[in-house]
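Heads up: the structure comes next, in structure tokens.
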Amino acid sequence: MNDSFYQASTKKLNIILLGMMGSGKSTVGQFLSQRLFWQFMDADSEIEKFLNKTIQEIFSNEGENFFREQETAFLLNLKERNPQKIILSTGGGMVLKPESRLLLKQLGFNVWLKAFPETIHARLEQNYDRPLLRLGEESISFKDKINTILSQRENLYAQMADLVVEVDELSPDKIAERIINHFEEKTTKNI
């Protein structure tokens, strides 16, 4: 990576990964962190540590609204610390609250990892740790739940994105490379 990347990166201080569960945010975030030598943070993991509960326990015991409030509180706390050079993997629903969307925009360069519903389904079919896919109407198929959640969020991801990367046919390393190349190009123009 050349010096211009590191100079330019101070203009948009962080890279924020958005997208549906199963789109690869945590995996790609770790690749980016290793390539850029930036700190990696997973918002869900940070919230779990703070509350000393799993996401599944939070949803079961406190409900989704409480969890969304915790996401906003996490982002507010992060913004107050004025972080630089972090890669943040968000929860898939972090874009649902307007306050969270505003904070995400203020925190950094937002990248939507866009995956087809079939890709998400294949990646999550055996994952039982996703509360929104496990709660609710039992008569609704797993695939229909994914489609419903995606239809509720897709426009929000699009509105938030400084960059959209379609991930279905790409390895995590290739996704990271595209993000870095685009980020460098965008931020170098702003120096």
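The values are calculated or read from the model by the stated rules, or taken from the named source; none is laboratory data. A quick note: this is a predicted structure, and the numbers were derived from the prediction, not measured. Backbone-built Cβ (ideal geometry, glycine too); neighbour counts: all protein chains shown.
Just checking, how many residues over segment 41-58 are surrounded by 18 or more Cβ atoms within 10 Å (Cβ to Cβ) and closer than 14 Å to L88 by Cβ? Give the steps one after another, and end with the answer.
Of segment 41-58, the ones surrounded by 18 or more Cβ atoms within 10 Å (Cβ to Cβ) are 41-44, 47, 55, 58.
Among the residues that remain, those that are also closer than 14 Å to L88 by Cβ are: 41-44, 47.
The number of residues fulfilling the criteria is 5.
Return the residue satisfying two criteria in turn: it lies in segment 148-175 and is of a type in the set (G, A, S) and either more than 19 Å from S26 (Cβ to Cβ) or touching a Lys or Arg at 6+ places or on another chain (Cβ under 6 Å) (or both), and of such residues it is surrounded by the most Cβ atoms within 10 Å (Cβ to Cβ).
Just the residues of segment 148-175 that are of a type in the set (G, A, S), to begin with: 151, 158, 161, 171.
After this cut, where a residue has to be either more than 19 Å from S26 (Cβ to Cβ) or touching a Lys or Arg at 6+ places or on another chain (Cβ under 6 Å) (or both) as well, the list is 151, 158.
Numbers: S151: 10, A158: 13.
Looking at the filtered set, the residue picked out is A158.
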Legend entry - Where G22 falls short, out of the listed (1) buried (at least 16 other Cβ atoms within 10 Å of the Cβ); (2) in a helix (DSSP H, G or I): (2)
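Does N82 qualify as being part of a loop (DSSP other than H, G, I, E, B) and either over 21 Å from Y157 (Cβ atoms) or small (G, A, S) (or both)? Can you show your working first?
Working: part of a loop (DSSP other than H, G, I, E, B): yes; either over 21 Å from Y157 (Cβ atoms) or small (G, A, S) (or both): yes.
Answer is yes for this residue.
Tell me yes or no: at least one residue of segment 50-71 is within 12 Å of the chain's Cα centre (by Cα) and either on the phi < 0 side of the Ramachandran plot or not hydrophobic (A, V, I, L, M, F, W, C) (or both).
So far as segment 50-71 goes, yes, one or more of its residues are within 12 Å of the chain's Cα centre (by Cα) and either on the phi < 0 side of the Ramachandran plot or not hydrophobic (A, V, I, L, M, F, W, C) (or both).
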Inset, instruction - May I ask you to list the residues in segment 157-184 that are touching a helix residue (DSSP H, G or I) at 6+ places or on another chain (Cβ under 7 Å) and either in a helix (DSSP H, G or I) or in contact (Cβ under 8 Å) with a residue 60 or more places away in the chain (or both)? - result: M160, V167, P172, D173, I175, A176, I179, I180, E184
Inset, instruction - For L75, indicate whether it is within 16 Å of the chain's Cα centre (by Cα) and farther than 19 Å from L150 by Cβ. - result: yes
Inset, instruction - Can you confirm whether segment 94-106 contains a residue that is free of Cβ contacts under 8 Å to residues at least 60 places away in the same chain, farther than 21 Å from D162 by Cβ and hydrophobic (A, V, I, L, M, F, W, C)? - result: no
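Please verify whether F31 is out of contact with any Lys or Arg (no Cβ under 9 Å at 6 or more places or on another chain), over 20 Å from S171 (Cα atoms), in a helix (DSSP H, G or I) and at pLDDT 95 or above, treating the condition exactly as stated. Working first, answer last.
Values: out of contact with any Lys or Arg (no Cβ under 9 Å at 6 or more places or on another chain): yes; over 20 Å from S171 (Cα atoms): no; in a helix (DSSP H, G or I): yes; at pLDDT 95 or above: yes.
No.
Just give me the residues in segment 76-89 being out of contact with any Lys or Arg (no Cβ under 7 Å at 6 or more places or on another chain) and within 19 Å of V167 (Cα to Cα), in sequence order. Let's see the steps before the verdict.
So the first thing to find is which residues in segment 76-89 are out of contact with any Lys or Arg (no Cβ under 7 Å at 6 or more places or on another chain), and the list is 76-88.
I87, L88, listed by residue number.
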Inset, instruction - Could you tell me which of the residues I58, I87, I47 is among the aliphatic types (A, V, I, L, M) and not in a helix (DSSP H, G or I)? - result: I87
Inset, instruction - Scan segment 110-128 residue by residue and report those that are surrounded by 21 or more Cβ atoms within 10 Å (Cβ to Cβ) and assigned to a strand (DSSP E or B). - result: N110, V111, W112, L113
Legend entry - Where a residue in segment 63-91 is surrounded by 17 or more Cβ atoms within 10 Å (Cβ to Cβ) and its partner, wherever it lies, is acidic (D, E) and not in a helix (DSSP H, G or I), with Cβ under 7 Å and at least six apart: S89/D42
